[in-house]
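A.B. asks: My questions all concern the structure below.
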Amino acid sequence: MAEFTLEPSDEQKQVRDWLHGFAADVIRPAAAEWDEREETPWPVIQEAAKLGIYSLDFYAQQYFDPSGLGIPIAMEELFWGDAGIALSIVGTGLAAVGVLANGTDEQIGTWIPQMYGEPDDVKLAAFCSSEPDAGSDVAAMRTRAVYDEAKDEWVLNGTKTWATNGGIAGVHVVVAVVDPDLGSKGHASFIVPPGTPGLSQGQKFKKHGIRASHTAEVVLDGVRVPGACLLGGKDKLDERLARARERAAGGGQGSVKNAAMATFEASRPAVGAMAVGTARAAYEVALDYATTRSQFGRPIIDNQGIAFQLADMRTRIDAARLLVWRASWMATSGKKFESAEGSMSKLFASETAKEVTAQAVQILGGNGFTREYPVERMHRDAAIYTIFEGTSEIQRLVIARTLSGVPIR
């Protein structure tokens, strides 16, 4: 277990500075254009792949950093550049985490490399969990997976929504119901290989923020995948379902985790780090503006109202980062989130991003409300953090239930 420290190692600092340079030199100059176009920024992703940023090796190095700080440091710097483009670069990672959290060693080795492709042939992956009538309420999921024993195939039918890279990805990771009587305990995750018949893109969403990131519905119509595409394998699934049925028969709540929740638990601190990056970017723009913009013959930072806002913004950003780092270190060190520390980090960082970007717009005044300054875009982007991968309300529910042990409704 790595000793907890607030001082990044020399290697981590080198990675941080390298990513910061990429964010400053490549991502930021392209941010406004791709936000307006509302299209996947393939040239930026390809440049990231050439440099080794968009690659399995890079994310594996960060993911397995013994301090736990590799991923949050990387996420903060990339999202400091621009949230929409950064999400296009890292969106494949959620599908990869889904395989890491639920798959066998063979599945991990087979599918995760295919999610990224090669620098001269970049690929994307998508994690498909939410549905039109089942977002936070995972027990309401309707996408079904039925096992065809004669052919050793699973047949998937349903519609997924809010899928990053949905429909344009090569590999899709799909969460589906295998036993509807068990509610959220009766779910499993499946790999849908590239080119599988029956999978198609539905509606592509035109969004308020993170507009450079592709978000769409994924339609599954009689999609057949080999039995080997069930993450974790059928023996493991049968054992898990049997335990869930025993608990249900005994009237116990149990603690069996479903496939989607295992993925989200692993990724929540990373989302918090993304929010910290956006908040920090907006704060820096506001600080620079406040020190150079003059009104009534003096810089506006001389006004206590502006100065105190900036002080609060910086304090919240640093506090959010500390919560993210703590949760990331705990996860890597194998410590249980006994007080829902992962959800705490995501909740506080997400709310911080919304508040700090709103304050940045206010400090810039009319300029902050225009697209001539990036805080307008940052404010729109920040809205997503309190929504995706568990809304702030769901995070509070998770925290309250964890602290009290009571199934709060």
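A.B. asks: Based on what the data block shows, is Thr5 closer than 22 Å to Ile384 by Cβ, in contact (Cβ under 8 Å) with a residue 60 or more places away in the chain and among the polar types (S, T, N, Q)?
C.D. replies: The answer is no for Thr5.
A.B. asks: Hydrophobic (A, V, I, L, M, F, W, C), out of contact with any helix residue (DSSP H, G or I) (no Cβ under 7 Å at 6 or more places or on another chain), within 30 Å of Ala248 (Cα to Cα) and not in a strand (DSSP E or B): is that true of Ala176 in this structure?
C.D. replies: Against the criterion (hydrophobic (A, V, I, L, M, F, W, C), out of contact with any helix residue (DSSP H, G or I) (no Cβ under 7 Å at 6 or more places or on another chain), within 30 Å of Ala248 (Cα to Cα) and not in a strand (DSSP E or B)), Ala176 does not qualify.
A.B. asks: Return the total of residues in the range 136-186 being on the phi > 0 side of the Ramachandran plot and over 25 Å from the mean Cα position of the chain (by Cα).
C.D. replies: Going through the range 136-186 one residue at a time, the tally reaches 1.
A.B. asks: Here is a list: Thr104, Thr40. Which entry is polar (S, T, N, Q) and within 22 Å of Ser213 (Cα to Cα)?
C.D. replies: Thr40
A.B. asks: Residues in the range 240-247: is at least one touching a residue at least 60 places away in the same chain (Cβ under 8 Å) and open to solvent by less than 20 Å² (accessible area, probe 1.4 Å)?
C.D. replies: yes
A.B. asks: Any idea which of (1) more than 25 Å from His20 (Cα to Cα); (2) in contact (Cβ under 8 Å) with a residue 12 or more places away in the chain is the one Gln304 doesn't satisfy?
C.D. replies: All conditions pass for Gln304, except number (2).
A.B. asks: Another question, if that's okay. Which of (1) under 30 Å from Ser9 (Cα atoms); (2) free of Cβ contacts under 8 Å to residues at least 12 places away in the same chain is the odd one out, the single condition Pro113 does not satisfy?
C.D. replies: Result: Pro113 passes all but (2).
A.B. asks: Here is a follow-up. Given the condition more than 19 Å from Gln61 (Cβ to Cβ), modelled with pLDDT under 95 and outside any helix (DSSP H, G or I), answer yes or no: does some residue in the range 24-40 qualify?
C.D. replies: no
A.B. asks: Considering only residues that are at pLDDT 95 or above and either open to solvent by less than 10 Å² (accessible area, probe 1.4 Å) or of a type outside the set (S, T, N, Q) (or both), look in the range 285-298 and name the one that is farthest from Glu76 (Cα to Cα).
C.D. replies: Checking each candidate, the answer is Ala290.
A.B. asks: On to the next question. Can you name every residue in the range 307-337 that is β-branched (Val, Ile, Thr) and open to solvent by less than 30 Å² (accessible area, probe 1.4 Å)?
C.D. replies: Those that are β-branched (Val, Ile, Thr) and open to solvent by less than 30 Å² (accessible area, probe 1.4 Å): Ile317, Val324.
A.B. asks: What single numbered condition from (1) open to solvent by less than 30 Å² (accessible area, probe 1.4 Å); (2) in contact with a strand residue (DSSP E or B) (Cβ under 7 Å, 6 or more places away or on another chain); (3) at pLDDT below 95 fails to hold for Ala216?
C.D. replies: So the condition that Ala216 fails would be (3).
A.B. asks: Can you name every residue in the range 262-284 that is among the hydrophobic types (A, V, I, L, M, F, W, C) and open to solvent by 30 Å² or more (accessible area, probe 1.4 Å)?
C.D. replies: Ala266, the sole residue that qualifies.
A.B. asks: Is it true that Lys206 is of a type outside the set (Asp, Glu) and modelled with pLDDT under 95?
C.D. replies: Taking the combined requirement at face value, the residue does not satisfy it.
A.B. asks: Same structure again: Of the residues Gly366, Gly342, Gly277, Gly272, which single one is farther than 27 Å from Tyr59 by Cβ and part of a helix (DSSP H, G or I)?
C.D. replies: Result: Gly366 is the single residue among Gly366, Gly342, Gly277, Gly272 that is farther than 27 Å from Tyr59 by Cβ and part of a helix (DSSP H, G or I).
A.B. asks: So which residues in the range 363-383 are within 15 Å of the chain's Cα centre (by Cα) and over 19 Å from Leu323 (Cβ atoms), if there are any at all?
C.D. replies: Passing the criteria: Asp381, Ala383.
A.B. asks: For a quick check of your reading of the model, give me the residue pairs whose first member lies in the range 46-58 and is closer than 17 Å to Ile85 by Cβ and modelled with pLDDT of 95 or more, whose second is open to solvent by less than 70 Å² (accessible area, probe 1.4 Å) and of a type in the set (S, T, N, Q), with beta-carbon atoms closer than 9 Å and at least 6 apart or on different chains.
C.D. replies: Pairs that qualify, where the first residue is closer than 17 Å to Ile85 by Cβ and modelled with pLDDT of 95 or more and the partner is open to solvent by less than 70 Å² (accessible area, probe 1.4 Å) and of a type in the set (S, T, N, Q), are Ala48/Ser55; Ala49/Ser55; Tyr54/Thr92.
A.B. asks: Pull up the range 46-57, narrow it to residues that are part of a helix (DSSP H, G or I) and closer than 12 Å to Pro113 by Cα, then point me to the one that is most open to solvent (accessible area, probe 1.4 Å).
C.D. replies: Once the filter is applied, the top-ranked residue is Asp57.
A.B. asks: Return the only residue of Thr357, Thr391 being under 20 Å from Arg293 (Cα atoms), of a type outside the set (Phe, Trp, Tyr), in contact (Cβ under 8 Å) with a residue 60 or more places away in the chain and open to solvent by less than 40 Å² (accessible area, probe 1.4 Å).
C.D. replies: Only one candidate qualifies: Thr357.
A.B. asks: Here are Glu11, Glu39, Glu7, Glu3: which of them is of a type outside the set (A, V, I, L, M) and under 20 Å from Ala320 (Cβ atoms)?
C.D. replies: Glu7
The values are calculated or read from the model by the stated rules, or taken from the named source; none is laboratory data. Note that the structure is predicted; figures quoted are calculated from it, not measured. A quick note on method: Cβ atoms are made from the backbone with ideal geometry, for glycine too, and the neighbour counts reach across all protein chains shown. Accessible surface is based on the protein model in full, side chains and every heavy atom, while ligands, DNA and RNA are left aside. Shrake-Rupley method; radii C 1.70, N 1.55, O 1.52, S 1.80 Å.
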